[in-house]
Structure formats: structure tokens, C-alpha cells
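Taken together, the values in this text are just the output of simple stated rules run on the coordinates, not laboratory data. Since the structure is predicted, the reported quantities are computational estimates derived from the model, not experimental observations. Cβ coordinates were reconstructed from backbone atoms using ideal geometry, including for glycine residues, and neighbour counts include every protein chain displayed.
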Amino acid sequence: MARLVAVVVGLTLVIAGTVHGQDDDFPFGPFRMYSTRDDPNGAVRELRVQLLLTSGAVQDVTNASGAPRRAELEGRVGDLAAHPDEVAKLVPFYVDHASGPVRELRLVWLIHPLHHGRSSSPRTSVICSTPVVGRP
């Protein structure tokens, strides 16, 4: 009898989560990352962390060792864009990976336009940036 009650409660939670839940309710809510798809004629965004060097070159440091992971930053992108002082706190994690003197750290969306499900040349859109002062 206890097993039957547990099964009924579990199924009730799964059904309620499926109808009203979000990713945070997993495993009782849908894991939307795997249950949805992108519009084949839309665009896919990818967060990148870039350093603008004093030479004018741009260096991608998104996957720098010991730095916050891209998914962690994507979860905070709204807060980071609204509070530049928070972006400045990221500088120490990335600037040591630079191949030269750094002028600016910036977060950008790398936007891949889709046409019939195929990606064309990506474009970038700067979300936020912070000057790098007193660092190599």
C-alpha cells in the first residue's frame, strides 16, 4: 500500500511539473533544454568572453582555466549587464591568459543566424564591457 501511495504521489508531481514546471523543478518539471528546439530560421546565441588588447586584437578567453564557466556567466548575464562593477570582478580570472597588454574585458553574444537550420557567418553583439586598468 505504501508503494502505491509513493507511486501516485510521484506521478502527481511529474504531471503537475510537466504542466506548470520549469527547469528549476527538475526532475518533477520538464528539462526544457532537451525538450525544445531552436527556430530553423532564427538565431542561436553563444556567450563569449573576449579581451581587447592594446594592439587592437581581440582574444577569446571564454574557456580560460580557473575562470567561471560559460554556463555560469550565461545564468548571470542580465545582472552583469546591469551592474558593470560585477563585470570588473571577472578581470582577474581572464586577464592572466592574455597574449599581450589588455585594454578591455567584454562579454559578447556570438550570434549564429540560421536559414533552414544551417548556420551562416556569425556576428557579435557586445553585452557589456569594463576597462582593464593597471593590469598587463
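Computed quantities for the displayed model
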item	result
Cα-centred dipole magnitude for the chain, charges only on beta-carbon of K, R (+1) and D, E (-1), debye, nearest 20	260
Burial ranking of peptide ranges 40-49, 76-85 (average Cβ count within 10 Å, highest at the top)	40-49, 76-85
For the chain, convex hull of alpha carbons as volume per residue, Å³	157
Summed side-chain charge close to Ser129 - residues other than Ser129 whose Cβ falls under 14 Å, Lys, Arg +1, Asp, Glu -1	+1
Cut-off 18 Å, label 7 Å out along Cα→Cβ of Val133, residues of the stretch 77-97 by amide N	83-93, 95
Hz values of 3J(HN,Hα) by residue in the stretch 12-17 - Karplus curve (6.51, -1.76, 1.60), Gly and Pro given as x	4, 5, 5, 5, 5, x
Ellipticity estimate at 222 nm from DSSP helix runs (n ≥ 4, -39,500 (n - 2.57)) divided over the chain, nearest 500	-9500 deg cm²/dmol
Whole-Hz ³J(HN,Hα) from phi, Karplus 6.51 cos²θ - 1.76 cosθ + 1.60, for the stretch 102-119, glycine and proline x	10, 9, 7, 10, 9, 9, 9, 8, 8, 9, 9, x, 10, 9, 6, x, 9, 7
Contact order normalised by residue count of the chain, Cα under 8 Å, 6+ apart, percent	24
Under-5 Å amide H pairs with Val61, H placed in peptide plane, nonlocal only	Val49, Gln50, Leu51
Proxy reagent accessibility, fewest Cβ within 10 Å first, across Leu4, Leu13, Leu107	Leu4, Leu13, Leu107
Selected from Ser119, Ala64, Leu53, residue furthest toward positive end of dipole (the stretch 43-131; charges at beta carbon)	Ser119
Paramagnetic reach from Val44 (point 7 Å along Cα→Cβ, amide N under 17 Å) across the stretch 108-124	109-124
